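The values are calculated or read from the model by the stated rules, or taken from the named source; none is laboratory data. Everything numeric here is computed off the predicted structure, so don't read it as measured data. Here the Cβ positions follow ideal geometry from the backbone for every residue, glycine too, while neighbour counts run over all protein chains shown.
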Amino acid sequence: MKSKYLQIQKIEDKPKTSVYECRNKMTGDKLGIIKWYPPFRKYSFFSEPNIVYDAKCLEDITDFIKELSTYQVDKRNSHGVGETRFRIKCGMAVGVVVDAGVIKKNKGNRR
């Protein structure tokens with residue numbers, strides 16, 4: 001991903017996912033990290049405290065997470081796992097989140 005203001009680098013490989021660090025290109029300040037968040041089952045942005053973002057920075061972070069999520073979904077689908085869906089959420093507390101969850105078709109509920 002090409003960004004005018006942000007530098008995003010992989011800093012850690014985990015068995016199924018990776019962790020990325022987001023920095024300001026001009027100052028080198030750490031802005032936060034992007035990593036897999038198990039409760040949401042998707043990549044999420046974890047901001048450093050007291051950082052203010054404009055729409056362009058959030059858009060660049062969102063685009064990166066979309067690319068990352070698409071890669072993860074493609075990786076899972078290449079092993080024959082389910083269908084996919086995408087939804088973008090923005091929240092003040094958590095930051096930018098992209099849903100790339102796997103959906104299993106439900107053949108009806110029996111109770």
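Selection of segment 42-55 for residues being in contact with a strand residue (DSSP E or B) (Cβ under 9 Å, 6 or more places away or on another chain) and either touching a residue at least 40 places away in the same chain (Cβ under 8 Å) or over 16 Å from GLN7 (Cα atoms) (or both) yields LYS42, TYR43, SER44, PHE45, PHE46, SER47. THR17 passes every criterion in (1) in contact with a Leu (Cβ under 8 Å, 6 or more places away or on another chain); (2) of a type in the set (Val, Ile, Thr); (3) modelled with pLDDT of 90 or more apart from (1). Among the residues that make up segment 3-14, is at least one of them of a type in the set (Gly, Ala, Ser) and at pLDDT 90 or above? The answer is no, given that none of the residues of segment 3-14 is of a type in the set (Gly, Ala, Ser) and at pLDDT 90 or above. Note on segment 20-73: residues that are more than 17 Å from the chain's Cα centre (by Cα) and at positive phi total 2. Inspect segment 27-35 for any residue being hydrophobic (A, V, I, L, M, F, W, C) and not in a strand (DSSP E or B) and give the result as yes or no. Scanning segment 27-35, I find no residue that is hydrophobic (A, V, I, L, M, F, W, C) and not in a strand (DSSP E or B), so the answer is no.
Here is the figure for segment 18-49: residues that are acidic (Asp, Glu) and crowded, with 16+ Cβ neighbours inside 10 Å total 1. Consider segment 50-80 and keep the residues that are surrounded by fewer than 18 Cβ atoms within 10 Å (Cβ to Cβ) and acidic (Asp, Glu). The one that is modelled with the lowest pLDDT is ASP74.
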